[in-house]
Every structure is written in structure tokens, then in C-alpha cells.
1. It is to be established whether one or more residues within region 191-212 are of a type in the set (Phe, Trp, Tyr) and at pLDDT below 90.
2. Quick check, is residue 27 surrounded by 13 or more Cβ atoms within 10 Å (Cβ to Cβ), touching a Cys at 6+ places or on another chain (Cβ under 8 Å) and not hydroxyl-bearing (Ser, Thr, Tyr)?
3. Report, by residue number, each residue of region 164-222 that is of a type in the set (Lys, Arg), within 22 Å of residue 96 (Cα to Cα) and without any contact (Cβ under 8 Å) to a residue 24 or more places away in the chain.
4. Name the single residue, out of those in region 247-265 being in a helix (DSSP H, G or I), surrounded by fewer than 22 Cβ atoms within 10 Å (Cβ to Cβ) and under 22 Å from the mean Cα position of the chain (by Cα), that is modelled with the lowest pLDDT.
5. Is one or more of the residues making up region 64-71 modelled with pLDDT of 90 or more, in a helix (DSSP H, G or I), within 22 Å of residue 175 (Cα to Cα) and not hydroxyl-bearing (Ser, Thr, Tyr)?
6. Select from region 86-125 the residues that are in contact with a Ser or Thr (Cβ under 6 Å, 6 or more places away or on another chain), within 21 Å of residue 177 (Cβ to Cβ) and surrounded by fewer than 18 Cβ atoms within 10 Å (Cβ to Cβ) and list them in ascending order.
7. Kindly establish whether residue 55 is assigned to a helix (DSSP H, G or I) and surrounded by fewer than 19 Cβ atoms within 10 Å (Cβ to Cβ).
8. Quick test for you: out of 168, 72, 127, pick the one residue that is more than 27 Å from residue 224 (Cα to Cα) and out of contact with any His (no Cβ under 7 Å at 6 or more places or on another chain).
Amino acid sequence: MTALQFDYETLAFGPDLVGLCLLAMALDVLFGSAPSLRRLLPHPALIMAALIGGLANRLNRAERGPTARLVRGLLVELVVIGAAFIAGTAVGYLTNLVPFFWLVSLLLLVSLTVLRGPFDEVGRVTRGYLASGLAGTRKEAAMVIGPASAKMTEAQINRAMAEHLAGRYADGLIGGIFWLLLLGWPGFFIWRAINIAGRLLDDDRSDMSLFGLIATRVNEAVGLLPALLAALLFALAAIFVPGANPARALSAMFNKNISSARHSERLAVAAALAALKKQGQEKLMTGPDVVRAQYLYAVASLLAFALVIVWATLRYAI
């Protein structure tokens, strides 16, 4: 009876946070973005984006003075972080208290973990070129980088795809894992909310000037350590990618122009691009370079999975 009770409790309350993280990564690799599921359930990221967008539409008024817009932007950031903290705390509490709620938590984690999605997106762009040439590439790329792809050359789209892989790896995968394992569910939800707010309220946009300043800076600050870790993993992954150079990836991290860049994810992007660049190659990226970028992304993702396993091993050994 005791053994049966133990088995039930194990099943009812599921794996711990590290186990959930590993399981979520594995499920994401197997099923990707699961479009059929997204049609049935609202995506958590879309809910966050709707909240942020609604607050921005209500509070970001052009007729307001600079100080008022800055303060209102701060209020939005505080509301977003507060809501994320409450949601994350509630999920963590219910996961530990309610039997089988860990399945809901796992679903949330899979939904907010970015792993296979960018790989598939870039693959569709590559297949678009094979099917319809530049027109097909532009059509598929528009789903990733927006309407700007309509005026891009093939080389520009190729570079944008490589940057997309590296950027999403840094903030979508490594950022989530980093803050989940460090601060638990509240840290994970807060990071995702900060990252989404930083993207939507980017103060590089003229309509978000001052209003989005704090959201942008907080996103850069909180994303710095995950971006550094992502860059290091790209450098390590380059060892296993034919033609890639780990030394150039490491040197790119210490490039003065990159290290002082406003967007922290540029560290990871620079490391990935430097690793892929061949000796004497021009800055123009070709189709085979994009395939190698996918290869680098896949190897770096495996390394991230291995890193979580190492974290779990050390945690239980201590």
C-alpha cells in the first residue's frame, strides 16, 4: 500500500521544476508550436501582449509631456511585472498543492518555451526559395520579419534568418531557462513579460519614445546574463558545426561595438554570425550559410538541454 501511495503521489504531483523544464523542451522538439492546440487555447504570450498593448494604447498619448510619458511607461512596466509575479506565484503554488496541476504547468511552460519554432520558421523560408526563388523567400520571410522582407535581397533575408535564430535562442530559450531555474515560476513569468514588453514598447520606435524607455532598458538589463550564456553556448556549439569557428564567436563577444550595443541579445547574434563566417568571406550570407545557422542552433539547443541536466545533477548531489 505504501508503494502504491508513493506511486500515486509521484504521478499526481509530477516532476520538480528541473524535470518540468527538461520535459517541456523535449515536448517542444517533438511537437513544435502545436498549431492545433493554439487554435483551441489562447497563447499565454498573446495574453501578455494584449495586456501590454491595451495599457499602451490607453496611456501613451502624443499630447502628453516628456515627464508624463516617462512616468506612464514606468507604471505600465510595474503593472506588467506585478501581474507576471502574481501569475507565476499562483502557478507555482497550485503546482505544489493541486494533484495533476503540473500538467497545466507543463502546458504553460511548453507554450512559453521557444525551441523548435524558430528552426521551423527558417526552414520554411529556405523551402520557399527552393520552390519559388526570391519571391517565395520573401513571402515566407514576411511571416517571420514582417513586410520589410518584400524589399530585401536574398542575402539580406539570409542574414535576417540567421539573426532571428540567434536572437530567439537568447531570449526565447536561454532567457526562459535561466530565470526559471534561478527564480522559479515567478522569475520565468516576469522574464517573459519583461521581454514581451521590451519588444512591444521598444523606444527605438518614434511612437514609443520615452514611454517605452524603461521597458526597453529593463529588458536589456534582465536579458544580459542569458545573452552572455547564449553567446558562450554558440561558441561551444561551433566546435561541432562544420566550417564554424568558435574562436571568432568568442572574440565577437568582446567586440567594443557589440558589447556596448543597446540590445543585449546582440551579443548572442554577433557570436553566432561570427562563428558562421568563413575566413575571407564577405558579409553576404548564402543559402548554405542559413542551413549551417540552423545546424548551429540545433547543436546549441542540445547543449542547453545538457546544461539543464548538469544543473539537476549538481543540485541533487549537493
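The values are calculated or read from the model by the stated rules, or taken from the named source; none is laboratory data. Being a predicted model, the structure only gives us computed values, none of them experimental. No Cβ is skipped: glycine too gets one built from the backbone with ideal geometry, and neighbour counts run over all protein chains shown.
1. Yes: region 191-212 contains one or more residues that are of a type in the set (Phe, Trp, Tyr) and at pLDDT below 90.
2. Judged against the criteria, residue 27 is not a match.
3. none
4. Keep residues of region 247-265 that are in a helix (DSSP H, G or I), which gives 247-253, 256-259.
If we keep only those that are surrounded by fewer than 22 Cβ atoms within 10 Å (Cβ to Cβ) too, we end up with 247-248, 250-251, 253, 256-259.
Filter again for under 22 Å from the mean Cα position of the chain (by Cα), leaving 250, 253, 258-259.
Values: 250: 88, 253: 80, 258: 59, 259: 50.
Among them, the one singled out is 259.
5. Among the residues of region 64-71, not one is modelled with pLDDT of 90 or more, in a helix (DSSP H, G or I), within 22 Å of residue 175 (Cα to Cα) and not hydroxyl-bearing (Ser, Thr, Tyr), which makes the answer no.
6. Across region 86-125, the qualifying residue is only 117.
7. no
8. Only one candidate qualifies: 127.
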